[in-house]
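*Asks:* Attaching a single structure in structure tokens format; questions to follow.
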Ligand code: NDP
């Protein structure tokens, strides 16, 4: 029988975490809650599994990971349905999310050996008689803590790369999306039945905290900045390294030579997809004076056409009910302080839905401009020139992604954005490009997932030197003579002493 709870709010019943649809309240998942002892035992088992997994080598792991990818691909409609049911995300958005995750598993599996595998490194004149050897060895067990807004894409961005690098992974999904997390783990176990290489521990924040203190060799966290600080503090106790993918307040800059139709289309998508619950979602726009009015009109027309509701609407429910209060506060505050809603407004919040809202003339120091809203809302601000746009875009502690529409100055502007990523003439696209690193600066965290940097994040650099001949310039020995030292001085001056 299907139990009905407060829609979307997970509850614990008889030691089980029960997740529910934010649209209907129908039960979606029921998973056992891990105690601290369970977390420790899971990590212990994962440690042994990690040794076995590392022993498969790059070729063995690649084969398993590609089979995992294929299984997810074959069953992607089922996973999309589950993602839709548990988080409320429209099916089309769930499909795009899964497709992006598949691309990341594929790339990580195929490129792990090239990026992390053993290689010889050339020496220079100093230590010329040595060869260098470099490889990136797995940490052992990596703890992955994930959010609810992209319950497939975000954990795979960490776990997929960590697994490709030879680590076992213990994954703590968000309490809002445990069923999706367990689905990924179960699917992996079908292709790796021998050992618990990828496992999940379920529960509330305390389970994540227990994972940080469980003796894992690294923690990869994706979630809010506030929790990222707690994770880092917990990991500091044991010097456990952390990768932090935290929140954002990404800006889109529209320059005078932008294609305004394309800019409006990408802006509406980047701001409103997944009901705006996207870490790299566009939450602020800075448009130069010449194009401001035309741009706002196009955005309002396109956003005004979107449908809101369950099932096949463009915009689904807000996944985490408590977020509705944040969204309402940001809209109310913006309007109270002189902002104008040119679409939506205070009445747009109709739980569990929020209708698209576009705000203009909002003061720069208001919550709607400075804090992560995580809803289908957008502020559009008029600026005199593109330099002012960059200055305003860069004025927040967050620095995750961003976007620029324009021609002549677009690359220069993208480079000047204080963020880990930027897209030109599109929004959010860097997240899907498996060859590029993903991560932020400042309050948006540090470390990188995806791409070569994302693979290296999950391997420890191991440097080895090997002597292959007698030293012509003996330096690191007590057997060197005064004449050797004199020759070292001569070489140092010849090689490094020019260009004073
Ligand atoms: P939270 O920070 O609330 O939670 C993230 C995860 O941490 C959850 O699994 C949560 O468990 C767990 N957790 C909570 N407390 C602790 C603790 N003390 N120690 C360890 N783990 C803990 O974030 P949300 O789930 O609300 O996700 C939304 C946020 O994630 C937004 O700020 C968004 O910008 C950001 N995000 C960043 C991305 C990036 O790549 N930079 C990508 C996607 C989202 P529980 O759910 O059980 O409380």
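*Asks:* Which whole-number percentage describes the relative contact order of region 308-363, with Cα contacts under 8 Å and a sequence gap of 6 or more? All intermediate terms of the calculation are to be shown ahead of the outcome.
*Replies:* On the way: 81 pairs, mean separation 20.4, N = 56.
Relative contact order, region 308-363: 36 percent.
*Asks:* Another question about this same structure. Over the Cα atoms, compute the radius of gyration (one decimal) and Dmax (the largest Cα-Cα distance, rounded to a whole number) for the chain, in Å.
*Replies:* Spelled out, the Cα radius of gyration and Dmax of the chain are 25.4, 89 Å.
*Asks:* For labels at residue 479 and residue 206 in the simple 7 Å Cα→Cβ model, what's the distance in nm?
*Replies:* The answer from the label model is 6.4 nm.
*Asks:* Hey, another quick one. Return the whole-Å distance between the Cα centroid of region 254-304 and the Cα centroid of region 27-75.
*Replies:* 40
*Asks:* Give or take rounding to whole Å, what are the principal axis extents of the alpha carbon atoms in region 1-55, in descending order?
*Replies:* Taking the Cα atoms of region 1-55, the three principal extents are 46, 22, 18 Å.
*Asks:* Normalised by the residues of region 349-477, what does the relative contact order come to in percent, with Cα pairs under 8 Å and at least six apart?
*Replies:* About 15 percent, as a whole number.
*Asks:* If I model a spin label as a point 7 Å beyond the Cα along the Cα-Cβ vector, how far apart are those points for residue 461 and residue 11 in nm?
*Replies:* For the pair residue 461/residue 11, the computed spacing is 5.2 nm.
*Asks:* Right, here's the next one. Counting only DSSP beta bridges with both residues in the chain, what percent are antiparallel, rounded to the nearest 5? Write out the running numbers ahead of the final one.
*Replies:* Numbers: 31 of 68 bridges.
Roughly 45 percent of the beta bridges in the chain run antiparallel, per DSSP.
*Asks:* Here's something else I'd like to know. Once you have all Cα-Cα distances for region 213-333, histogram them in 5 Å bins from zero and send the whole-percent values.
*Replies:* For region 213-333, the pair-distance distribution reads 2, 10, 14, 16, 15, 12, 11, 9, 5, 4, 2, 0.
*Asks:* Oh, and also: What is the gain in length, in nm to one decimal, between residue 415 and residue 436 on full extension, counting 0.36 nm per residue of separation less the C-alpha to C-alpha distance?
*Replies:* Numbers: separation 21, 0.36 × 21 = 7.56 nm, distance 1.50 nm.
Roughly 6.1 nm would be gained on extension.
*Asks:* Now for a different question. Compute the length gained on full extension between residue 190 and residue 130: take 0.36 nm times their separation in residues and subtract their Cα-Cα distance, giving the result in nm to one decimal. Write down the numbers at each step before the final one.
*Replies:* Details: separation 60, 0.36 × 60 = 21.60 nm, distance 4.59 nm.
Length gained between residue 190 and residue 130: 17.0 nm.
*Asks:* Given contacts defined as C-alpha pairs under 8 Å and at least six residues apart, what's the relative contact order of the chain, whole-number percent? Provide the component values of the computation, followed by the final result.
*Replies:* Working: 1123 pairs, mean separation 84.3, N = 500.
Reported relative contact order: 17 percent.
*Asks:* Taking 1 over the mean of 1/r across every pair of different Cα atoms in region 373-432, what Kirkwood radius in Å do you get? Write down the numbers at each step before the final one.
*Replies:* Values: mean 1/r = 0.0811 Å⁻¹.
Averaging 1/r across every pair of different Cα atoms and inverting gives 12.3 Å.
*Asks:* Kindly provide the pair-distance distribution of region 1-149 built from C-alpha pairs, with 10 Å bins from 0 and whole-percent values in order of increasing distance.
*Replies:* Calculated P(r), rounded to whole percents: 9, 23, 28, 23, 9, 5, 2, 0.
*Asks:* Would you kindly calculate the mean projected area, averaged across all directions, of the convex hull enclosing the Cα atoms of region 273-367, in square nanometres?
*Replies:* Averaged projected area of region 273-367's Cα convex hull equals 6.3 nm².
*Asks:* Here is a further query. Give me the compactness ratio for region 325-414, meaning the Cα radius of gyration over 2.2 N^0.38 Å.
*Replies:* Compared with the compact-globule rule of thumb, region 325-414 sits at 1.16.
*Asks:* How large is Rg over Rh for region 30-109, taking Rg from the Cα atoms and Rh as the Kirkwood inverse mean of 1/r across Cα pairs? Provide the component values of the computation, followed by the final result.
*Replies:* Numbers: Rg = 16.1 Å, Rh = 14.9 Å.
Radius of gyration over Kirkwood radius for region 30-109 works out to 1.08.
*Asks:* For the chain, what is the calculated [θ] at 222 nm in deg cm²/dmol (nearest 500), taking -39500 (n - 2.57) for each run of four or more DSSP H residues and dividing by its residue count?
*Replies:* Working: 16 runs with 205 residues, N = 500.
That comes out to -13000 deg cm²/dmol.
*Asks:* Percent antiparallel among DSSP beta bridges with both residues in region 46-186, to the nearest 5? If you can, show how the numbers build up before the last one.
*Replies:* Working: 3 of 8 bridges.
Expressed as a percentage, antiparallel bridges in region 46-186 total about 40.
*Asks:* Above 15 Å lies some portion of the pair distances; for region 176-224, what is it as a whole percent of all C-alpha pairs? It would help to have the intermediate numbers written out before the result.
*Replies:* On the way: 643 of 1176 pairs.
Looking at region 176-224, the distances longer than 15 Å represent 55 percent of pairs.
*Asks:* Here's another thing I want to ask about it. To the nearest 0.05, what FRET efficiency results for residue 364 and residue 490 with a Förster distance of 51 Å applied to their C-beta separation?
*Replies:* Working: r = 61 Å, r/R0 = 1.20.
Calculated transfer efficiency: 0.25.
*Asks:* Could the peptides 145-157, 432-444, 467-479, 58-70 be put in order, highest first, of the mean number of other beta-carbon atoms found within 10 Å of their residues? Intermediate values should be presented prior to the final figure.
*Replies:* Working: 145-157: 27.7, 432-444: 20.4, 467-479: 10.3, 58-70: 17.2.
For the peptides 145-157, 432-444, 467-479, 58-70, the packing ranking is 145-157, 432-444, 58-70, 467-479.
*Asks:* Now for a separate question. Please compute P(r) over all alpha-carbon pairs of region 153-295, binned at 5 Å starting from zero, and give each bin as a whole-number percent.
*Replies:* 2, 9, 15, 16, 15, 11, 9, 8, 7, 5, 2, 0, 0
Throughout, read-outs are computed from the coordinates displayed, never taken from laboratory work. Just so we're clear, the structure is a prediction, and the values are computed from it rather than from any experiment. Reconstructed Cβ throughout: ideal geometry from the backbone, glycine too, with neighbour counts over all protein chains shown.
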